[in-house]
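No lab work stands behind these numbers, since they all come straight from the coordinates. The structure displayed is predicted, hence computed values, not measured ones. Glycine also receives a Cβ, built like all others from the backbone with ideal geometry; neighbour counts cover every protein chain displayed.
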Amino acid sequence: DTAVSQTPKYLVTQMGNDKSIKCEQNLGHDTMYWYKQDSKKFLKIMFSYNNKELIINETVPNRFSPKSPDKAHLNLHINSLELGDSAVYFCASSQDVEGTYNEQFFGPGTRLTVL
Amino acid sequence: GENVEQHPSTLSVQEGDSAVIKCTYSDSASNYFPWYKQELGKGPQLIIDIRSNVGEKKDQRIAVTLNKTAKHFSLHITETQPEDSAVYFCAASIGYALNFGKGTSLLVTP
């Protein structure tokens, strides 16, 4: 059984388009995350939701909007795509409370290419 | 915010040798230090972690050490095998977010 799944795995699109990436976890976790991995493999947190509430919102352009319809899903919508948005986007989840340990489980990633 | 430095960026060892990857962190409040392995085309996978109240932890061929005073932690892999070849990331955490190092590309040659 897949613990954290993302769709699509690959996404190729033109500049200016709007696209969404979906994430689901079946681990029963309360917290979900989006990370961006750039071409140099650097992983950086973008957002985190705990029980459908936004708890981390790093310096990310307003064109990126996360949506959590329930605690098992965290989707990422990107408006007006730019060349610099090309990266691999990872969803992750954890069962934790702030201040305790934070073992995160990652999805397989979505490779976004903006042409 | 937390800044995590990781060295080396690339590491090549012969099968059977040991590999050591080192990380330093800046925020003394960080209390959780995981290590992730990322194979080509896959998401990062947790291989070992250590909490701030522990100095060393071992799991078969993998060990991690933490020096809170110096704010550095290290990953040790003994008896390396070709399947250990991957990118390894250290991270430091206060609360929810993981702050990652820039990764070490490990190559184990037969």
Please state the equivalent ellipsoid semi-axes for the protein assembly as shown: what are the square roots of 5 times the Cα gyration tensor eigenvalues, largest first, in whole Å?
30, 21, 16
Here the averaged projected area of the stretch B:8-47, based on the convex hull of its alpha-carbon atoms and given in nm², is 4.2
In Å and whole numbers, how far do the C-alpha atoms of the stretch A:1-57 stretch along each principal axis, longest first?
35, 27, 23
Checking rank on A:11-17, A:87-93, with mean other Cβ inside 10 Å and highest first, the result is A:87-93, A:11-17
Can you tell me the alpha carbon radius of gyration of chain B divided by the globular rule-of-thumb value 2.2 N^0.38 Å?
1.01
For the stretch B:87-99, in residue order, the Karplus 3J(HN,Hα) values (coefficients 6.51, -1.76, 1.60; θ = phi - 60°; whole Hz; Gly and Pro = x) are 9, 10, 10, 9, 8, 10, 9, 10, x, 7, 6, 8, 9
Going down the table (A:Lys22/A:Lys44; A:Lys41/B:Lys42; B:Lys37/B:Lys68; A:Lys41/B:Lys37), which pairs top 21 Å between alpha carbons?
B:Lys37/B:Lys68
For the stretch A:17-115, taking Cα atoms only, what is the radius of gyration to one decimal and the Dmax to the nearest whole Å?
13.0, 42
Rounded to the nearest 0.05, what FRET efficiency do B:Ala29 and A:Ser39 have when you use their Cβ-Cβ distance and R0 = 30 Å?
0.45
